[in-house]
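First the structure, in the form of structure tokens, and then the observations on it.
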């Protein structure tokens, strides 16, 4: 079982990030704590000094597991389902730029809220088609470089589109691209899915990535979720990917990543 954690390089409106700020310092701490990979969160991939980033990553021997796109949605309002076609086109361009960065880092690209919601006054079938077609175009570009994209089911309080694993599996059938899979997040699943084990097993080989946070979105171990069940199910499925911590910096930024990895190691029976 391989563990990673989300790192962002700046303050952002998205609060569920334990590491933010100085990248070199944060990557060194991630490594010291025993994480085996990182997810990186950039608002605009064009601003990234890729050569400098690779030096920092190689120094800590940390692969980039995935690139988050949530800041482009949260800070700029980019979305595949915006009623404004110009915004939809800008979103596709931005996701293409994330894919360019992902190619250089050998990472997945996460499609969370940037995939969009169903706007008021827009027919759900239309919004769904906008998202489907945009994801197909991104997937086709990614496939040329062997890249994968993951769609994250998100709970009903944050979006009105694709809440659980089953809904997302049905949408994946519409997208019909083998390099597009599911990112399952235990915080959202605790709200929307009846069973962790059944939902993971339903996803099967379409489960490309997993996020973990406890029931209160604090570090794993600070709520009531059973991470022995979560990790035991993944191990039983021979899930090959990373389990990545994406949680609020709670109970505090210093102890959060330490508590998280200790909880996950215990749940996976690792020392």
> Of all residues in the stretch 153-189, which are under 21 Å from residue 107 (Cα atoms) and in contact (Cβ under 8 Å) with a residue 60 or more places away in the chain?
Replying inline: 183, 185
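Looking at the stretch 169-249, what helices (runs of 4 or more DSSP H) fall wholly within it and have at least 3 residues that are over 22 Å from residue 115 (Cα atoms)?
Numbers: elements: 186-192, 196-203, 227-237.
So the answer is 196-203, 227-237.
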> Given the structure, is residue 264 part of a loop (DSSP other than H, G, I, E, B) and on the phi < 0 side of the Ramachandran plot?
Replying inline: no
>> Tell me yes or no: at least one residue of the stretch 15-23 is within 16 Å of residue 255 (Cα to Cα) and at pLDDT 90 or above.
In response: no
> Among the residues of the stretch 203-216, which ones are over 14 Å from the mean Cα position of the chain (by Cα) and either under 22 Å from residue 109 (Cα atoms) or crowded, with 23+ Cβ neighbours inside 10 Å (or both)?
Replying inline: 203, 204, 205, 206, 214
> What tally of residues in the stretch 217-236 results from selecting those that are surrounded by 20 or more Cβ atoms within 10 Å (Cβ to Cβ), out of contact with any strand residue (DSSP E or B) (no Cβ under 6 Å at 6 or more places or on another chain) and closer than 16 Å to residue 188 by Cβ?
Replying inline: 4
> Restricting the stretch 31-58 to residues that are modelled with pLDDT under 95 and more than 24 Å from residue 94 (Cα to Cα), which is surrounded by the fewest Cβ atoms within 10 Å (Cβ to Cβ)?
Replying inline: 55
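The values are calculated or read from the model by the stated rules, or taken from the named source; none is laboratory data. Fair warning: this is a prediction, and the values are worked out from it, not measured in the lab. Cβ atoms come from the backbone with ideal geometry, glycine included; neighbour counts cover every protein chain shown.
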